[in-house]
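A.B. asks: The following block contains the structure, expressed as structure tokens.
The values are calculated or read from the model by the stated rules, or taken from the named source; none is laboratory data. This is a predicted model, so every value here is computed, not measured. Neighbour counts run over all protein chains shown; Cβ positions are idealised from the backbone, glycine included. Just the protein is used for accessible areas: all its heavy atoms, side chains included, with ligands, DNA and RNA removed. Shrake-Rupley method; radii C 1.70, N 1.55, O 1.52, S 1.80 Å.
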Amino acid sequence: MRLDVLGSSGTYPARGRPAAGYLISQGDTRVWCDTGPGTYVALPIESELVTAIVISHEHPDHWLDLVTAFHAVCYGPNPRQGIPVFAPQSTIDHVLGIGGDDQFEGTFDFNPVAGGDTIQIGEIDVGFAWSDHSVPTVASRWEANGRVFAYSADTGPGGDWDKIAAEADLFLCEASYQGDMADYAYQHHLTASLAGTIARRQGAKKLMLTHIPPHLDPTLSVNEAETSFDRPVDLAVPGLTRKI
Ligand SMILES: [Zn+2]
């Protein structure tokens with residue numbers, strides 16, 4: 001598999017730093033996972049060529065560019081109907097409530113997924129587990145050719161970690177906070193240190209941090225995660241590509 005980081009900024013985008021979005025590929029299978037603002041223009045392929053789209057949850061920093069992709073796919077030179085979109089039912093309801101009309105609904109084929117579900121997208125098997133977030137959110141585990149990529153989505157410490165990150169070859173984990181979890185009123189995100197601890201406990205082989213908000217120094221986040229992971233830690237930045 002191959003991971004292309006389209007955007008990684010936490011909570012909102014910044015100049016040159018789109019919000020959450022990744023392209024996960026295996027052979028001819030190309031899945032756009034989270035369509036946060038700014039990630040449409042960062043896609044290395046035309047949006048009508050994606051095999052499917054996965055959206056982890058309804059917070060706008062994870063899906064707004066689905067509306068941008070709708071215009072490109074519907075009104076661009078190669079219109080396409082029925083691009084499969086997999087997301088929690090509450091996310092689908094939310095997206096259709098804001099962006100929905102007949103053309104929008106025809107451009108995409110919305111399919112609800114829940115924690116415990118496993119689906120096949122082309123050459124990739126994708127398993128979902130509920131994360132520990134303030135709205136229904138699916139973390140995901142991607143498997144192809146015996147390799148495993150894990151994505152935490154947005155989550156607090158209580159995620160179903162063994163179903164997501166166990167022995168993952170690459171674990172992409174959110175790290176919205178720095179320092180001590182107790183300093184934060186909203187408990188549905190992770191400190192960088194906790195991301196490292198979870199990755200170590202689950203036996204993840206590599207850890208990459210993402211969803212760091214624009215106002216934090218990511219170098220500090222990486223340092224905190226390396227201390228708890230006890231190994232070097234990668235940082236998700238736009239344009240970064242990793243073979244898994
Ligand atoms: Zn969120």
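A.B. asks: Any residue at all in segment 101-120 that's under 30 Å from residue 15 (Cβ atoms) and free of Cβ contacts under 8 Å to residues at least 40 places away in the same chain? Spell out how you get there, then give the answer.
C.D. replies: Here is the first cut: in segment 101-120, the residues under 30 Å from residue 15 (Cβ atoms) are 104, 107-108.
Those left that are additionally free of Cβ contacts under 8 Å to residues at least 40 places away in the same chain: 104, 107.
The answer is yes, given that some residue of segment 101-120 is under 30 Å from residue 15 (Cβ atoms) and free of Cβ contacts under 8 Å to residues at least 40 places away in the same chain.
A.B. asks: Return the residues of segment 208-227 that are out of contact with any Pro (no Cβ under 9 Å at 6 or more places or on another chain), part of a helix (DSSP H, G or I) and β-branched (Val, Ile, Thr); say none if nothing qualifies.
C.D. replies: Let us first name the residues in segment 208-227 that are out of contact with any Pro (no Cβ under 9 Å at 6 or more places or on another chain), namely 208, 210-211, 213, 215-221, 223-225, 227.
Subsequent filtering for residues that are part of a helix (DSSP H, G or I) retains 218-221, 223-225, 227.
Matches in segment 208-227: 219, 227.
A.B. asks: Does segment 191-207 include one or more residues that are part of a loop (DSSP other than H, G, I, E, B), within 16 Å of the ligand (Cβ to nearest atom), closer than 23 Å to residue 39 by Cβ and of a type outside the set (Lys, Arg)?
C.D. replies: Looking only at segment 191-207, we keep the residues that are part of a loop (DSSP other than H, G, I, E, B), and these are 202-206.
Then keep just the ones that are within 16 Å of the ligand (Cβ to nearest atom); that gives none.
Scanning segment 191-207 turns up no residue that is part of a loop (DSSP other than H, G, I, E, B), within 16 Å of the ligand (Cβ to nearest atom), closer than 23 Å to residue 39 by Cβ and of a type outside the set (Lys, Arg).
A.B. asks: Taking segment 52-80 only, how many residues are of a type in the set (Phe, Trp, Tyr) and part of a loop (DSSP other than H, G, I, E, B)?
C.D. replies: Going residue by residue through segment 52-80, those that are of a type in the set (Phe, Trp, Tyr) are 63, 70, 75.
Restricting the remaining residues to those that are part of a loop (DSSP other than H, G, I, E, B) gives 63.
So the count comes out to 1.
A.B. asks: Confirm whether residue 164 is over 15 Å from the mean Cα position of the chain (by Cα), open to solvent by less than 40 Å² (accessible area, probe 1.4 Å) and of a type outside the set (S, T, N, Q). Walk me through how you get there before you give the answer.
C.D. replies: Working: over 15 Å from the mean Cα position of the chain (by Cα): no; open to solvent by less than 40 Å² (accessible area, probe 1.4 Å): yes; of a type outside the set (S, T, N, Q): yes.
The answer is no for residue 164.
A.B. asks: Would you mind stating whether residue 169 is out of contact with any Gly (no Cβ under 7 Å at 6 or more places or on another chain), under 30 Å from residue 215 (Cα atoms) and acidic (Asp, Glu)? Show your work before the answer.
C.D. replies: Values: out of contact with any Gly (no Cβ under 7 Å at 6 or more places or on another chain): yes; under 30 Å from residue 215 (Cα atoms): yes; acidic (Asp, Glu): yes.
So residue 169 fits the description; yes.
A.B. asks: Now for a different question. Within segment 59-71, identify whether any single residue is within 14 Å of the ligand (Cβ to nearest atom) and hydrophobic (A, V, I, L, M, F, W, C), and answer yes or no. I'd like the intermediate steps shown before the answer.
C.D. replies: Here is the first cut: in segment 59-71, the ones within 14 Å of the ligand (Cβ to nearest atom) are 59-64.
Those left that are additionally hydrophobic (A, V, I, L, M, F, W, C): 63-64.
Yes, segment 59-71 has at least one match.
A.B. asks: For segment 97-115, which residues satisfy the criterion of being within 12 Å of residue 66 (Cα to Cα) and among the charged types (D, E, K, R)?
C.D. replies: Within segment 97-115, just 105 meets the criteria.
A.B. asks: Follow-up question, since we're still on this one. Can residue 228 be described as polar (S, T, N, Q) and more than 20 Å from the chain's Cα centre (by Cα)? Let's see the steps before the verdict.
C.D. replies: On the way: polar (S, T, N, Q): yes; more than 20 Å from the chain's Cα centre (by Cα): yes.
Yes, satisfied.
A.B. asks: Further question on the same structure: Quick one: in segment 96-133, which of the residues that are among the hydrophobic types (A, V, I, L, M, F, W, C) and assigned to a helix (DSSP H, G or I) is farthest from the ligand (Cβ to nearest atom)?
C.D. replies: Initially, segment 96-133 is screened for residues among the hydrophobic types (A, V, I, L, M, F, W, C), giving 96, 98, 104, 108, 110, 113-114, 119, 121, 124, 126, 128-130.
Next cut, assigned to a helix (DSSP H, G or I) only: 96, 98, 104.
Numbers: 96: 19, 98: 16, 104: 22 Å.
Here the residue is 104.
A.B. asks: Condition (residue is part of a helix (DSSP H, G or I), in contact with a strand residue (DSSP E or B) (Cβ under 6 Å, 6 or more places away or on another chain) and open to solvent by 50 Å² or more (accessible area, probe 1.4 Å)) applied to segment 81-95: is it met by at least one residue?
C.D. replies: Narrowing segment 81-95 to residues part of a helix (DSSP H, G or I): 89-95.
The next check asks that each one be in contact with a strand residue (DSSP E or B) (Cβ under 6 Å, 6 or more places away or on another chain); those that pass are 89, 92.
With open to solvent by 50 Å² or more (accessible area, probe 1.4 Å) added as a condition, the list becomes 89.
Checked against the condition, which is being part of a helix (DSSP H, G or I), in contact with a strand residue (DSSP E or B) (Cβ under 6 Å, 6 or more places away or on another chain) and open to solvent by 50 Å² or more (accessible area, probe 1.4 Å), segment 81-95 yields at least one hit.
A.B. asks: Do you know which of the residues in segment 134-157 that are buried (at least 24 other Cβ atoms within 10 Å of the Cβ) and not in a strand (DSSP E or B) is nearest to the ligand (Cβ to nearest atom)? Steps first, answer last, please.
C.D. replies: So the first thing to find is which residues in segment 134-157 are buried (at least 24 other Cβ atoms within 10 Å of the Cβ), and the list is 137-140, 142, 149-155.
Adding the requirement that they be not in a strand (DSSP E or B) leaves 137, 152-155.
Working: 137: 7, 152: 11, 153: 8, 154: 4, 155: 9 Å.
If we take residues in segment 134-157 being buried (at least 24 other Cβ atoms within 10 Å of the Cβ) and not in a strand (DSSP E or B), then 154 is nearest to the ligand (Cβ to nearest atom).
A.B. asks: For residue 184, only one of the following conditions fails: (1) under 18 Å from the mean Cα position of the chain (by Cα); (2) farther than 28 Å from residue 25 by Cβ; (3) of a type in the set (Phe, Trp, Tyr). What is its number?
C.D. replies: Evaluating residue 184 over (1) under 18 Å from the mean Cα position of the chain (by Cα); (2) farther than 28 Å from residue 25 by Cβ; (3) of a type in the set (Phe, Trp, Tyr) leaves (1) as the failure.
A.B. asks: I would also like to ask the following. Within segment 185-201, how many residues turn out to be out of contact with any Pro (no Cβ under 8 Å at 6 or more places or on another chain) and surrounded by 20 or more Cβ atoms within 10 Å (Cβ to Cβ)?
C.D. replies: Number satisfying all stated conditions: 7.
A.B. asks: Sticking with this structure for a sec: Please identify the pairs in which a residue from segment 41-67 that is over 20 Å from residue 117 (Cβ atoms) has its Cβ atom under 7 Å from the Cβ atom of a residue that is open to solvent by 20 Å² or more (accessible area, probe 1.4 Å) and within 15 Å of the ligand (Cβ to nearest atom), counting only partners at least 6 apart or on another chain.
C.D. replies: 59/135; 61/11; 61/12; 61/37; 64/37; 65/37
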